[in-house]
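For reference, the structure discussed in these notes is given below.
Please treat every number below as a calculation from the coordinates, not as lab data. From a predicted model like this one, the values you see are computed outputs, not experimental measurements. Heads up, the Cβs are rebuilt from the backbone with ideal geometry, glycines too, and the neighbour counts pull from every protein chain shown.
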Amino acid sequence: MRAFFIGFILIALATTASARAAEGEKSFKGWELYIWKEGADWKFALLPGTNRLKDDGEIKAAAVTGLDAIEKKLDSLAAQQEVFLSGRTLQSKAPIDVARDLVEYGDKHGLVMRTRE
């Protein structure tokens, strides 16, 4: 009986995690993830993809500090959402070391991570 109860709990947790991913935030044109260093801190801004360039104020207003903070934001996205990584502007490349960590994190969490080559 105890094994049945533990199995039931594990199935319920898996179903909840899968439902969360399916019901997470979605953006028709994917997401833009801006990455830059400000002093000693890494800054990140996750914004919905659009057909226009974001201005500095818009990017800074969405900024969070540190990998833990951006990972929480990535966790709120629905599975299979595309995330385009860039530097401080959409035309610049993301810093390689930080981008690598985020691509690995996103891949493990069912996101489609894209970097500029």
Proximal aspartates and glutamates relative to K29, as straight alpha-carbon distance under 12 Å, when same-chain residues fewer than 8 apart are discounted: E82
Need the list of lysines near K37 for cross-linking: C-alpha distance under 21 angstrom, and skip anything on the same chain fewer than eight residues off. K54, K60, K72, K73, K93
Determine the sum of side-chain charges near L85: Lys and Arg each +1, Asp and Glu each -1, restricted to other residues whose C-beta is under 11 angstrom from that of L85. +1
Which residues' amide hydrogens lie under 5 Å from the amide hydrogen of W31, considering only partners 5 or more residues apart or on another chain, with H built in the peptide plane? G49, E82, V83, F84
Between the modelled labels at L53 and D41 (7 Å from Cα along Cα→Cβ) the distance in nm is 2.6 nm
